[in-house]
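Worksheet for the structure shown next.
Only the coordinates and a few stated rules stand behind these numbers; no lab work does. Every value quoted in this text rests on a predicted model; they were computed, and no experiment measured them. Positions of Cβ are generated from backbone atoms using ideal geometry, with glycine treated the same way; all protein chains shown enter the neighbour counts.
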Amino acid sequence: MDVQLIIKIAGVGLITAVCCQILNKTGRDEQSVFLSLAGIVIVLFILVEKIGALFETMRDVFGL
């Protein structure tokens, strides 16, 4: 597992959480929800490459 990947995910989560708290305090709850969803989508895009590499490794190991 690459430490840099964990730091990227934690950074996106931290920035998203802080921004959501700021939006909630200012009364913009709907925008906070959309920001949370955007954070989840960004993390999923980061993980797609790693998941693809995992499946390729499994294919090579099992010879499928």
Provide the three semi-axes, in whole Å and in decreasing order, of the ellipsoid equivalent to the chain as defined by the square roots of 5 times the Cα gyration tensor eigenvalues. 34, 12, 5
Computed, not fitted: 222 nm per-residue ellipticity of the chain from DSSP H runs ≥ 4 (each -39500 (n - 2.57)), nearest 500, equal to -32000 deg cm²/dmol
Using the per-residue mean of other Cβ atoms lying within 10 Å as a proxy for protection, in what order, highest first, do the peptides 18-26, 49-57 fall? 18-26, 49-57
How much length is gained if the chain between THR57 and ILE40 is pulled fully straight, taking 0.36 nm per residue apart and subtracting their Cα-Cα distance, in nm to one decimal? 3.6 nm
Helix 3-25 sits at what angle to the longest principal axis of the chain, using alpha carbons and giving 0 to 90 degrees rounded to 10? 20 degrees
Report the one residue of ALA17, ILE42, LEU5 whose Cα lies farthest in the direction of the positive end of the charge dipole of the chain (charges on C-beta: Lys and Arg +1, Asp and Glu -1; origin at the Cα centre). ALA17
With Cα atoms, 0 to 90° folded angle of helix 29-62 axis to the chain main axis: 10 degrees
